[in-house]
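Pasting in a structure now, in structure tokens, and then I'll have a few things to ask.
The values are calculated or read from the model by the stated rules, or taken from the named source; none is laboratory data. No experiment lies behind these values; they were computed from the predicted model shown. All Cβ positions, even for glycine, are placed from backbone atoms using ideal geometry, and neighbour counts span all protein chains on display. Please note that ligands, DNA and RNA were not included when accessible areas were found on the heavy atoms of the full protein model with its side chains. Shrake-Rupley method; radii C 1.70, N 1.55, O 1.52, S 1.80 Å.
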Amino acid sequence: MYLSNSGQFFLHAQGGPHTKYSESSGNSTSGIETIIPLDNDQAYAWLEKHNKIAKIEDYFSEIIKEG
């Protein structure tokens, strides 16, 4: 996951013909490379799912509350 200079989170994704990052054309399927924009909720969920606690603290410190 990346954060643009303008504050937009996004994923750079790529995959082969047998992944969710593929395109069909006629009888063939090939892998693609794509950019997936994420809103703040999606970015937070992605970081949480991938256990990126330090990045959550960096990007979302204003919404983290001490227990």
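Along Cα→Cβ, 7 Å out, is where each label goes; now give me the distance between the ones at residue 35 and residue 56 in nm to one decimal.
Label-label distance for residue 35 and residue 56, simple model: 2.7 nm.
Using alpha carbons only, what's the Rg to Rh ratio of the chain with Rh from Kirkwood?
Rg/Rh for the chain comes to 1.14.
If contacts are Cα pairs under 8 angstrom and at least 6 residues apart, what is the relative contact order of the chain in percent?
Working: 79 pairs, mean separation 16.0, N = 67.
Here the relative contact order equals 24 percent.
Any chance you could give the angle, 0 to 90 degrees and rounded to 10, that helix 40-49 forms with the longest Cα principal axis of the chain?
Taking Cα atoms only, the helix is inclined about 90 degrees.
Follow-up. Would you mind working out the magnitude of the charge dipole of the chain relative to its Cα centre, with +1 at each Lys and Arg C-beta and -1 at each Asp and Glu C-beta, to the nearest 20 Debye? Don't jump to the answer; show the numbers that get you there.
Working: 5 positive and 9 negative charges, 44 e Å.
The calculation lands at about 220 debye.
Counting only protein heavy atoms and a 1.4 Å probe, tell me what percentage of the chain's accessible area is made up of carbon and sulfur.
With neighbouring chains kept in place, the figure for the chain is 47 percent.
Could you calculate the FRET efficiency of residue 1 with residue 24 from 1/(1 + (r/R0)^6), where r is the beta carbon distance between them and R0 is 30 Å, rounded to 0.05?
Efficiency for this residue pair is about 0.65.
Leaving out ligands and nucleic acids, and using a 1.4 Å probe, what accessible area per residue does the chain come to in Å²? Mind showing how you got there, number by number?
Numbers: 5340 Å² over 67 residues.
On a per-residue basis, 80 Å².
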